[in-house]
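> One structure, as structure tokens, below. Some questions next.
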Amino acid sequence: MKKTMLSMATLAMAAIFATGLVSCNKKDGEKAPSAETNAEAKTETVETAAPANDASALINRKIEGIYINANDLEKAVLTETLVDEVSGFTLNATAEKSLEIKSCDPRQIGDDLFTQTISTKGSGKFVLGEEPLNFRTISFPAKAGDSIIVYATTSSKTDERPLHVVNMANAEEIGTITMMPDNGKDMTVAEVLVKEDGNYCIYSTSGTGYIYQIKVGK
């Protein structure tokens with residue numbers, strides 16, 4: 001298996017637009033605003049509203065840290081844990097709960113072209129215990145103040161699915177990423193911030209997730 005390197009890639013831009021409301025406080029002798037005037041006011045509000053969460057800020061973002069990129073891995077169905085000592089990432093799989101590195105529709109995200117993905121092949125789980133229940137997850141070290149930036153879609157053509165980011169020391173979820181459906185060209189690019197040093201993992205629930213890249217650092 002090739003060393004788990006990570007390029008930068010990106011995609012899936014999210015923009016939220018605010019819709020303006022025009023109130024009609026009509027005074028005596030004053031004409032009420034026309035429907036045309038209201039429409040113009042709404043249009044101005046939409047055009048000038050700033051996105052609340054712009055994924056483009058993460059595209060081609062340079063960070064100091066570690067990363068894993070599906071392009072750098074050999075195609076395979078993983079039936080046991082794979083540790084990449086160079087990158088620091090671990091792909092946790094079992095014979096019953098496997099992961100798969102496979103080809104995908106080529107998609108250009110910023111400077112990067114993705115041609116492979118890590119398929120979770122179903123839902124994963126991490127449960128803390130004497131023998132932690134840990135399958136179909138990708139784990140890695142992170143430090144306080146780091147960003148965890150994930151590039152992902154679901155295997156579904158229609159449904160969003162959650163991707164959980166969990167602190168493995170206490171099983172606390174520090175963030176949830178909503179993965180967009182797979183349209184063959186775009187992907188979700190989202191960030192979760194780390195508050196304390198430790199080991200973390202990500203996993204999909206409600207079905208298969210496709211992970212193209214993970215970057216961890218500042």
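> Go through ILE211, ILE63 and list them by solvent-accessible area, largest first, probe radius 1.4 Å.
Sorted by accessible area, descending: ILE63, ILE211.
> Quick check: net charge around LEU163, other residues with Cβ under 14 Å of its Cβ, Lys/Arg +1 and Asp/Glu -1?
Overall, the nearby charge balance is -2.
> Still on this structure, please answer the following. Restricting to Cα atoms and excluding each atom paired with itself, what does the Kirkwood estimate give for the stretch 59-218 in Å?
15.5 Å
> Let me ask something additional. Using the Cα centre of the stretch 78-138 as the reference point, and only Cβ charges (+1 on K/R, -1 on D/E), how large is the resulting charge dipole? Debye, rounded to the nearest 20.
Its charge dipole is roughly 280 debye.
> Given H placed 1.01 Å from N in the peptide plane, which residues other than close sequence neighbours of GLY122 have an amide H under 5 Å from its amide H?
Sorted by chain and number, the residues that satisfy this are THR208, GLY209.
> Further, regarding this structure: Too long at a 18 Å Cα-Cα cut-off: which of LYS102/LYS185; LYS125/LYS218; LYS102/LYS125?
Table pairs above 18 Å Cα-Cα are LYS125/LYS218; LYS102/LYS125.
The values are calculated or read from the model by the stated rules, or taken from the named source; none is laboratory data. Predicted model only: the values in this text are computed from it and were never measured. Reconstructed Cβ throughout: ideal geometry from the backbone, glycine too, with neighbour counts over all protein chains shown. In case anyone asks, the SASA skips ligands and DNA or RNA and just uses the protein heavy atoms, side chains included. Shrake-Rupley method; radii C 1.70, N 1.55, O 1.52, S 1.80 Å.
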